[in-house]
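Heads up, the thing below is written out as structure tokens.
The values are calculated or read from the model by the stated rules, or taken from the named source; none is laboratory data. Remember, predicted model here, so these are calculated numbers, not experimental data. Cβ sites come from the backbone with ideal geometry, for glycine too, and all protein chains shown count toward neighbours. Heads up: the accessible areas ignore ligands, DNA and RNA and are worked out on the full protein's heavy atoms, side chains in. Shrake-Rupley method; radii C 1.70, N 1.55, O 1.52, S 1.80 Å.
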Amino acid sequence: MAITTIDPKTALVVIDLQNGITAMPGAPVPTTDVIKNSVELANAFRARDLPVVLVNVTFAGDGADVMPGRVDQGMGGMQLPEGWDRVIADLDGHDGDIRVTKRNWSAFYGTNLDLHLRRRGVTQIVLTGIATSIGVESTARFAHEHGYHVTVATDAVTDSNADAHQNSVERIFPRLAENGTTTEILAALPAAG
């Protein structure tokens, strides 16, 4: 389905484009393309004085705040290098951007993202980032449940697993969001100024 509209009060929410995550290869969209398209969208949003939210994920060095629960594939014992959780330089350094740090998959759970958006009158979010089936999908689900219109930039999201990415894009997102390319989203944005 095509993008029908971009609301006048729309925020770009960029999920986990940080040093340690962007260092991994993306599938099926190359990580370099996700970065390029996310930067292009961020610049367009900034030019229109629309909020740009840069979300990163991090955990305490001792792992005390890693998500609990019995899982087959957890993060137990992972040693994360210094600076892995810093937003990539291509996106960082803009004073007006909103910064949100999460310790879960969703950018909404346990953060002040909803507060930032509501206080700015935001009614819609455009999502980019990594990983499509984890952080992006979880954030899309929470945004939908919070009553936001959601748009996913399908060429600005990727995963470590192409099948997981495709499942989100083809089966999950159509029930939560409108999906489109960076070019389609840019064409639908309100005029700058």
Among ARG175, ARG103, ARG141, the single one that is more than 16 Å from PHE45 (Cβ to Cβ), without any contact (Cβ under 8 Å) to a residue 12 or more places away in the chain and among the charged types (D, E, K, R) is ARG175
Going through the range 14-52 in order, the residues found to be open to solvent by 20 Å² or more (accessible area, probe 1.4 Å) and hydroxyl-bearing (Ser, Thr, Tyr) are THR22, THR32
